[in-house]
Amino acid sequence: MISATRGFLLVFLLWIQPISADSQPMRTSAYHPGAKEEAVEWQRNLREDLWRILQLQPLREIQGSLDLNPEKISSRKKDHYEFQAIEISSTPSRRIPVVVTLPESEGPHPAVVCIHGHGHDRFKSYDKESIYKGFASVLAERGVVTIAMDVGQHEVYEEGMILMG
């Protein structure tokens, strides 16, 4: 016997299938191995499509020309690294707070962007008592440059750019 929920889902999926058949086919940009030149062309085309699909063209136009204008908010010395709270320009009209750790030893150093989970903030990945076990702090102690920023929770920061809010 099919439960009411399963029955509804089955009917819904059968109903939506004809709609999908008229729409563009999925995976039209799948990679098919070939010559190196074909792979490079596929990458170029895919990047172009992503800029368009993700509605980030305005940022692409200024790519490489935006000065981050970092402003140090606070700094404290930790074991083997410096923990800095700074603010940077992420777009021409928006500044964002970030955490950066810088090893005290001479570089070059590897770097990792440390992303927190849902409902947390940029400091959580450094907290050794958190669900993340302070992985960002562990990396920093081992000579890795880290950076963490708050991941948005559906706020609109840049009208018309879906990944910017």
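In nm, what is the difference between 0.36 nm times the number of residues separating R52 and T28 and their Cα-Cα distance?
In short, 7.1 nm is gained.
Modelled spin labels at E104 and D67, positioned 7 Å past Cα toward Cβ, are 3.2 nm from each other.
A short reminder: the numbers here are calculations on the coordinates, not readings from a lab. Note that the coordinates shown come from a computational prediction; the quantities given were computed from them, not determined experimentally. Cβ: placed from backbone, ideal geometry, glycine included. Neighbour counts: every protein chain shown.
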